[in-house]
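Please treat every number below as a calculation from the coordinates, not as lab data. Worth saying up front: this structure is predicted, and the values here are computed from it rather than measured. Quick reminder, even Gly has a Cβ in these numbers, built from the backbone with ideal geometry, and neighbours come from all protein chains shown.
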């Protein structure tokens, strides 16, 4: 399912909103999650899961083309952990 | 941040009545869950992809007793953030 299909499906279940309007709302939902993490917050949705940042330590890597040693700085990456209900729905 | 906070932003930014906003957030999440439950991946452009991964059976250990146990094959959800999402984190967190 793509974002467009998601919007299509949700629009069908809601009265009084067209696809364009639903696109705006769905985009705000996903932007809000991104902004929360970018602001250092985490997002916890019961039954669905939680989004948080995971810290990745600095490491030494290699440029695969030149073989040159490069220093990769520490960083944070988005991480999702499925909630209990979602885990059970998927594994049954 | 929780579900109600997301609904509240739909109300503040787009004037969607609070009860309807909560229902819409719920429908979006339910749609994603249903899709994953059917084994289908969910690709949200600019956000990331949720996929269902099949894990093989493997051996584990009860960390308390040290007893060896079999971990049955299972399906798990994995999320890969889109490059846009990762870049926003890099830009705003450093």
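Would you point out which residue out of B:75, B:93 is at the interface with chain A (Cβ under 8 Å from one of its Cβ atoms), surrounded by fewer than 15 Cβ atoms within 10 Å (Cβ to Cβ) and touching a strand residue (DSSP E or B) at 6+ places or on another chain (Cβ under 6 Å)? Break it down stepwise before answering.
Values: B:75 fails: surrounded by fewer than 15 Cβ atoms within 10 Å (Cβ to Cβ).
So the residue among B:75, B:93 that is at the interface with chain A (Cβ under 8 Å from one of its Cβ atoms), surrounded by fewer than 15 Cβ atoms within 10 Å (Cβ to Cβ) and touching a strand residue (DSSP E or B) at 6+ places or on another chain (Cβ under 6 Å) is B:93.
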- Item | Looking only at the range B:6-64, and only at residues there that are in a helix (DSSP H, G or I) and touching a strand residue (DSSP E or B) at 6+ places or on another chain (Cβ under 7 Å), the one that is farthest from the other protein chains (Cβ to nearest Cβ) | B:32
- the range A:1-81: strands (runs of 3 or more DSSP E) wholly inside it with 2 or more residues that are facing chain B (nearest Cβ under 7 Å) are A:43-45
